[in-house]
Structure formats: C-alpha cells, structure tokens
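The values are calculated or read from the model by the stated rules, or taken from the named source; none is laboratory data. Being a predicted model, the structure only gives us computed values, none of them experimental. Here the Cβ is made from the backbone with ideal geometry for all residues, glycine too, and neighbour counts use every protein chain on show. These area figures cover heavy atoms from the full protein model, side chains too; ligands, DNA and RNA do not enter into them. Shrake-Rupley method; radii C 1.70, N 1.55, O 1.52, S 1.80 Å.
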There are 2 protein chains.
Amino acid sequence: MPVEKRRSAKSRRAIYDAALALVTEIGYPRTTIEGIAARAGVGKQTIYRWWSSKADVLLEAFLDLGERTARAAGQEPADQAIPDTGDLAADLKAVLRATVDELRDPRFEAPSRALAAEGVVDPELGRLIVAKLLEPSLQLYADRLRAAQRAGQIRPGIDPRIALELFVSPLAQRWLQHTAPFDYEYTDTLVDYALYGLAPR
Amino acid sequence: MPVEKRRSAKSRRAIYDAALALVTEIGYPRTTIEGIAARAGVGKQTIYRWWSSKADVLLEAFLDLGERTARAAGQEPADQAIPDTGDLAADLKAVLRATVDELRDPRFEAPSRALAAEGVVDPELGRLIVAKLLEPSLQLYADRLRAAQRAGQIRPGIDPRIALELFVSPLAQRWLQHTAPFDYEYTDTLVDYALYGLAPR
C-alpha cells in the first residue's frame, strides 16, 4: 500500500473513533467537525475533504464499525445476506441472537443510543439514519422472507416489509427502553410467535 | 368546588401546559423547574409543593394529557381497559387505530418525541417513563390477551407480555423513525399477522 494511502486509512480510523467517542460523551448536538478534528489530531480541512457534515462522518463511522465487527466475527463484510439453510426459523433466530450480542457490545451501545435519540427529534438526521443504516439492513430480512415465500414457507399474501417488523421492532424497542429481559430466549420466542401466530392453529 | 381547590386545579393545568411546551421547544435537558414556573406564572415553591423534580412534573403532565384526550373522545379516564366484544382482532384493531390518531395529534407528537429521545440516553428518566407511562398501558394489552387465552382464542403456551410486542412495538418504531406509512391499514395488518402468523396454516 502506498504511503499516502496508508496515511489516509489511519486518519480515517482516527476520525471515526473520535466521532463515535464524542457523540457518546457529549451527545450529537454538541459534537462538531472542529471537535472531531481536534480529538483525531487532524486538521478540520482533512475532514471537510472527505465529508460534508458531522452527520456524514458519524454515519460512515457506524458503517465502518459494523464492518469491523462482522470481520472480527469471521464474516466478510460483503457477505451480509441472511443465511438460507432452508430452515427459516433457525436462520432468523441465528441472526437475531447475533444482533443481541452486537447491541450489548459497549462499543456499539453508547454511540448507537446517542444517534437513535437524536434521530427521534431531528427529522433530517432521522431520515439519514433510516436511509443509510436502517433500511439497508431491514432489506436483508425482507429478502430472506421473500425467499421463504417462494419456498412456500410464508403465506403468499404476506408483505415481507411489514412481516419483518414483528420480530425486528420488538427487539429494537426492548433494547431502547430496557423494559424486560433482552436475551436469546426472548428473540427465539419472537421468531416462533411471528411465524406461527398467537391464535390456535 | 371551593375557591382554593379551583385555584389549585388552574395552577396545575398551567404548570402542565408550560412543562409540555418547554420540553417541545427546548428539549428535556434544558427544561428546568424555574423555567416551568416562569412560563406558568407561578412561584417555584408552588411546583416544589406538589412535585420533587422536573421529570415528575412532565410525567404527570403526560398522564393528564392522556386523560383529557380520553375524555374528549367520550371515554371515562378510569375506563381504560381494552374493550372485550369477544372478537379479539376487532378489539385490537380499534385500539391501535385510536393510538394512530393520538400519536399523530400535534399536542402529543412533539412532547412525546422529546421525552422518548431523552429516555433513550438518560437511564433514570428511561426507567421512570417505562414504569409510569409505558408498562401500565402495556398491561392493558396483556390483560386483553389473557382474557382471549381463557376464551381459547390465543394458544395456551403464549406469553401475553411478549405477544403484545408483535403489534405494539412495530407501531412505536414506525412512529419514532418515520420508516414507512403509519395508518389504519398498517395497524390492521399487524394485528392479522400477529394473530395468525406468517407461516402457512
């Protein structure tokens, strides 16, 4: 790798780390490009060369953190599709268990909460979070449900984009609100209820 | 009503209105007891006589707003149980449609978002919101599902406290994140999916 390129990668990593640390410590509204630059030990212009706003920096820092975590777990970042072993319940349970682990990881937890909170009251940031972080990962669930629908494991009339919310949204709400236990037993139960319903069969 | 009592009720209403307006305009962290008192036109001591913290004032202001809205909709505030007509799907759909109306009401929307956002990053406030506002209303759904279970309309092994999350949490997440349409068709679909499942029957 050429010296210039290595230096860029190192600066980017320092900038991502600084952005995640600042939003955790002082919150999104008080985090600034200047503050990120100072903490990362780079000039403000270095940041403006690559990103146009603090929201841009922070969203990319999250994508990068997600990719690093995937790599550490032995996955290729490109290989983000939900596994299809033919057993839909088992595949969904495995992915939701991994999500529980990730959301409990302190490196994710504090900056994710800071970003989620601000997205609730700042409509522009909220739209960016949904478009860049949330919807792309929800589409992976929709794709897996569509494959199950083709295999006859999901009823034909079901809308996958709504169906996925039956297990993804409860997980997100429990994590945000700490209402009740947040563990594998819970996520396994959500998948079973969502697939087979609450009414007698 | 004695003059003293009428005056109290009037002060309380002014204090609630001031607290909801301030949290909407400047956010929870910058809202203070002093600010609420000044806006309501009462002395700080009047507030401290009835409440011990700004969180207390604000949570009661929400409870009061909910009761007033219920009364305006022709319900007695005490009569908060979910209707039981014997048709579980119809009863849940009616309540979720009313919730859509409430969450779209501008009087609720802005202060609710401000409070929800702060609860995500302030663990103590988060616990208060869950204990005083959220869990009491979730218990009404759990009660209705338990009645349905006794009537044989919900499978015996189902845990009502988890089951209710299949339709309540997606609604809350869509409202918080504006990911997709938030209407009666959506809530009706959630109830149908939750009760009858996604897999073929």
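Miscellaneous remarks
- Within region A:162-173, tally of residues that are surrounded by fewer than 22 Cβ atoms within 10 Å (Cβ to Cβ), at the interface with another protein chain (Cβ under 7 Å from one of its Cβ atoms) and not small (Gly, Ala, Ser): 2
- The lone criterion from (1) touching a residue at least 12 places away in the same chain (Cβ under 8 Å); (2) among the polar types (S, T, N, Q); (3) within 7 Å of another protein chain (Cβ to nearest Cβ) left unmet by A:THR179 is number (1).
- When A:ARG127 is tested against (1) open to solvent by less than 20 Å² (accessible area, probe 1.4 Å); (2) among the charged types (D, E, K, R); (3) at the interface with chain B (Cβ under 9 Å from one of its Cβ atoms), only condition (1) is not met.
- Just one of the listed residues (A:ALA9, A:ALA21) is part of a helix (DSSP H, G or I), surrounded by 15 or more Cβ atoms within 10 Å (Cβ to Cβ), at pLDDT below 95 and of a type outside the set (Phe, Trp, Tyr), and it is A:ALA21.
- Residue within region B:109-123 that is within 14 Å of A:THR179 (Cα to Cα), open to solvent by 50 Å² or more (accessible area, probe 1.4 Å) and at pLDDT below 95 present: yes
- Selection of first residues in region A:186-201 that are under 17 Å from A:VAL168 (Cβ atoms) and open to solvent by 10 Å² or more (accessible area, probe 1.4 Å) and of second residues that are at pLDDT 95 or above and among the aromatic types (Phe, Trp, Tyr), restricted to Cβ pairs under 7 Å at least 6 apart or on distinct chains, gives an empty result.
Matching residues to (1) in contact with a helix residue (DSSP H, G or I) (Cβ under 6 Å, 6 or more places away or on another chain); (2) in the same structural domain as B:TYR184 (by TED's automatic domain parsing):
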{"residue": "B:TRP51", "(1), (2)": "yes, no"}
{"residue": "B:LYS54", "(1), (2)": "yes, no"}
{"residue": "B:GLU60", "(1), (2)": "no, no"}
{"residue": "B:GLU67", "(1), (2)": "no, no"}
{"residue": "B:LEU88", "(1), (2)": "yes, yes"}
{"residue": "B:PRO111", "(1), (2)": "yes, yes"}
{"residue": "B:ALA131", "(1), (2)": "no, yes"}
{"residue": "B:ALA142", "(1), (2)": "yes, yes"}
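- Pairs with Cβ under 7 Å, 6+ apart, first in region A:23-42 and in the same structural domain as A:ALA116 (by TED's automatic domain parsing), second assigned to a helix (DSSP H, G or I) and open to solvent by 60 Å² or more (accessible area, probe 1.4 Å): none
- Looking only at region A:43-59, residues that are open to solvent by less than 30 Å² (accessible area, probe 1.4 Å) and assigned to a loop (DSSP other than H, G, I, E, B) come to 1 in all.
- Residue among B:ASP87, B:ASP105 that is within 13 Å of chain A (Cβ to nearest Cβ), surrounded by fewer than 15 Cβ atoms within 10 Å (Cβ to Cβ) and out of contact with any strand residue (DSSP E or B) (no Cβ under 9 Å at 6 or more places or on another chain): B:ASP87
- Taken together, B:ASP91, B:ASP101 contain a single residue that is in a helix (DSSP H, G or I) and at pLDDT 95 or above, which is B:ASP91.
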